[in-house]
Amino acid sequence: MKRDNKYVSTTNACKLCKPLGACLAFKGIEGAVPFLHGSQGCATYMRRYIISHFNEPMDIASSALGEKHAVYGGAANLKQGISNVCKKFQPTMIGIATTCLTETIGDDVPLILREYKGDAPAQNDASPCLVNVSTPSYAGSHMEGFNEAIRAVVDQLAKGGDRLDFINLFPGFVSPADIRYLYEIVSDFGLKCTILPDFSNTLDGPAMREYEKIPHGGAPVSAIKKMGRALGSIEFGRNLRAVVTAGNTLESKFGVVNRQIGTPIGIRETDAFLQVLEDISGRPTPKKYLMERGRLVDSFVDTHKYVFGKRAVIYGEEDLVTGITSFLTEIGIQPALCSSGGKSGAFEPAIKEVTADILSEDPIIRDDADFYDIAGEAESIGPDIMVGNSKGYSLARKLGIPLIRVGFPIHDRIGGQRILHLGYRGAQNLLDTIVNALIQKKQDDSYVGYSYM
């Protein structure tokens, strides 16, 4: 169903706000404090939203603008806020993202930061790096804010020089569990890497006896500064081709070769990732991953009778939806509707790439969609499952079908930060979850029930 042309409002958006994505990206840098130049309400909303998913403390500083600043500008508040953060947190970096208010009134943040540095006491090695990014919510989704923040960090901090023995890895917005797995994979190929962002500990850390103002972990600023000297970069995301990314920036400024591949969910996309690692390292894929792949293929055979021909609605971030769609085609599920709130312009081509010459029926593809759009399409499709974040729960309940929770945000279950999506291991986890949900649905709907597959 297509939206009535006269209906222009967004109903239950299938995306989040742009500065929220920037805050998540900054949280993956060691010693960094995310800072929103805008009203206090923006920071409060985002903190609550992020905490609900990760179940970890989340500090976001704010310039706390009010009505007066909407008229006279927020420069004084921004400068005072940065000084307060320096005193309270002693950060290595402050990531400053703008909001709708400050973009609308036209605050020139780069100029304000130059003035701040000129007015502040003499800068030294202990002074934090100040990185700024423009992220008004009306100009994009949380994923655009996330990607633009990573590009800004690289653009403003990385330097060139002689090549060093490591690679850069830009995984996009994946889970802390995914990032830990990526370190394991790259290390097993005998490679060193800098992963940006790395919130594997900062947003999924251990219990501590004493509260840490800034959680331990993250990509060190010193390592980010060396990214222009890496042997090469690997960047996940078929939907990044229409924008300038962190990997593109390093390639254009410092000649660091950027290998842009799909998010490695499922066999085909993981095969491509491991092939790149083979090419860079000169080593064959370690046996442990061949065994993981073999077990995954075996489970495809075991579960085929439960999933073949089932129809799915997939929604969420564009690259996550593309990766999940690729995986579902491998196990025999028909992606009936692929939808995202993003509008990069690359979503439809990316979905067509991973489904070409595989499906008997092309999926419906919707970008710039909200859950009003998704619900209308889903009701006419008759799906068996939905795959996406918690925001789709009410629709899944209305349709009476299982919701397979992936991505962000997951507010109605524990462990969203520990869901493994990537690699053969992640695909195995997703397959088991999907199949068991379908089996449970069949059991629950049976008038007699059964206890043996």
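The values are calculated or read from the model by the stated rules, or taken from the named source; none is laboratory data. All values derive from a computational prediction rather than experimental measurement. Note: ideal-geometry Cβ built from the backbone for every residue, glycine included; neighbour counts use all protein chains shown. Surface accessibility is based on the protein's heavy atoms, side chains included, excluding ligands, DNA and RNA. Shrake-Rupley method; radii C 1.70, N 1.55, O 1.52, S 1.80 Å.
Meeting the requirement of 2 or more residues that are surrounded by fewer than 21 Cβ atoms within 10 Å (Cβ to Cβ) and under 29 Å from the mean Cα position of the chain (by Cα), the helices (runs of 4 or more DSSP H) wholly within segment 58-134 are 75-89, 100-105, 109-119. For the residues ILE185, ILE150, the requirement of being in contact (Cβ under 8 Å) with a residue 24 or more places away in the chain, open to solvent by less than 60 Å² (accessible area, probe 1.4 Å), closer than 22 Å to MET93 by Cα and not in a loop (DSSP other than H, G, I, E, B) singles out ILE150. Among the residues of segment 416-452, the ones that are closer than 25 Å to PRO176 by Cα, touching a helix residue (DSSP H, G or I) at 6+ places or on another chain (Cβ under 9 Å) and not polar (S, T, N, Q) come to 16 in all.
Within the bounds of segment 205-224, is there any residue that is under 17 Å from PHE170 (Cβ atoms), more than 24 Å from the chain's Cα centre (by Cα), outside any loop (DSSP other than H, G, I, E, B) and touching a residue at least 12 places away in the same chain (Cβ under 8 Å)? No, segment 205-224 contains no residue that is under 17 Å from PHE170 (Cβ atoms), more than 24 Å from the chain's Cα centre (by Cα), outside any loop (DSSP other than H, G, I, E, B) and touching a residue at least 12 places away in the same chain (Cβ under 8 Å). Restricting attention to segment 153-181 and to residues that are among the small types (Gly, Ala, Ser) and in contact with a Gly (Cβ under 6 Å, 6 or more places away or on another chain), the residue that is most open to solvent (accessible area, probe 1.4 Å) turns out to be GLY160.
Just wondering, is there one or more residues in segment 400-419 that are crowded, with 17+ Cβ neighbours inside 10 Å and more than 30 Å from ASP271 (Cα to Cα)? Scanning segment 400-419, I find at least one residue that is crowded, with 17+ Cβ neighbours inside 10 Å and more than 30 Å from ASP271 (Cα to Cα), so the answer is yes.
The condition (being touching a strand residue (DSSP E or B) at 6+ places or on another chain (Cβ under 7 Å) and not basic (Lys, Arg)) is satisfied by just one residue among THR249, THR202, THR263: THR263.
Here PHE236 meets each of (1) crowded, with 17+ Cβ neighbours inside 10 Å; (2) within 30 Å of VAL33 (Cα to Cα); (3) of a type outside the set (D, E, K, R); (4) out of contact with any Pro (no Cβ under 6 Å at 6 or more places or on another chain) with one exception, condition (4). Being of a type in the set (Gly, Ala, Ser) and either assigned to a loop (DSSP other than H, G, I, E, B) or more than 24 Å from GLY190 (Cα to Cα) (or both), is that true of even one residue in segment 275-282? Yes, segment 275-282 contains a residue that is of a type in the set (Gly, Ala, Ser) and either assigned to a loop (DSSP other than H, G, I, E, B) or more than 24 Å from GLY190 (Cα to Cα) (or both). On the given criteria, is GLY342 at negative phi, within 24 Å of the chain's Cα centre (by Cα) and not hydrophobic (A, V, I, L, M, F, W, C)? Considered against the rule, which asks whether it is at negative phi, within 24 Å of the chain's Cα centre (by Cα) and not hydrophobic (A, V, I, L, M, F, W, C), GLY342 comes out as yes. Kindly indicate whether SER344 is touching an Asp or Glu at 6+ places or on another chain (Cβ under 7 Å) and among the small types (Gly, Ala, Ser). Spelling it out, SER344 is indeed touching an Asp or Glu at 6+ places or on another chain (Cβ under 7 Å) and among the small types (Gly, Ala, Ser).
Residues in segment 250-275 that are closer than 20 Å to LEU231 by Cα, open to solvent by 20 Å² or more (accessible area, probe 1.4 Å) and not basic (Lys, Arg): GLU251, SER252, PHE254, GLY255, VAL257, ASN258, GLN260, ILE261, ALA272, GLN275.
The sole residue among ARG268, ARG259 that is under 23 Å from the mean Cα position of the chain (by Cα) and assigned to a strand (DSSP E or B) is ARG259.
Among the residues examined, ILE50 does not qualify as surrounded by 17 or more Cβ atoms within 10 Å (Cβ to Cβ) and closer than 18 Å to VAL109 by Cβ. Within segment 350-377, the residues that satisfy the criterion of being open to solvent by 70 Å² or more (accessible area, probe 1.4 Å) and touching a residue at least 60 places away in the same chain (Cβ under 8 Å) are GLU353, TYR372. Looking at LEU438, is it part of a helix (DSSP H, G or I) and not aromatic (Phe, Trp, Tyr)? It is true that LEU438 is part of a helix (DSSP H, G or I) and not aromatic (Phe, Trp, Tyr).
Here GLU115, GLU103 are screened, and the one residue that is within 19 Å of GLY41 (Cβ to Cβ), touching a helix residue (DSSP H, G or I) at 6+ places or on another chain (Cβ under 9 Å) and among the charged types (D, E, K, R) is GLU103.
So, in segment 304-330, exactly how many residues are of a type in the set (Gly, Ala, Ser), under 29 Å from CYS17 (Cβ atoms) and outside any helix (DSSP H, G or I)? The number of residues fulfilling the criteria is 2.
Pairs meeting the criteria (first residue in segment 434-450 and in contact (Cβ under 8 Å) with a residue 40 or more places away in the chain and small (Gly, Ala, Ser), second residue surrounded by 10 or more Cβ atoms within 10 Å (Cβ to Cβ) and in a loop (DSSP other than H, G, I, E, B), beta carbons under 7 Å, at least 6 apart or on different chains) are ALA437/PRO402. Within segment 281-321, being farther than 26 Å from LEU438 by Cβ and open to solvent by 40 Å² or more (accessible area, probe 1.4 Å) holds for GLY282, ARG283, PRO284, LYS287, LYS288, LEU290, MET291. Regarding GLY282, is this residue at positive phi and within 19 Å of the chain's Cα centre (by Cα)? No, not satisfied.
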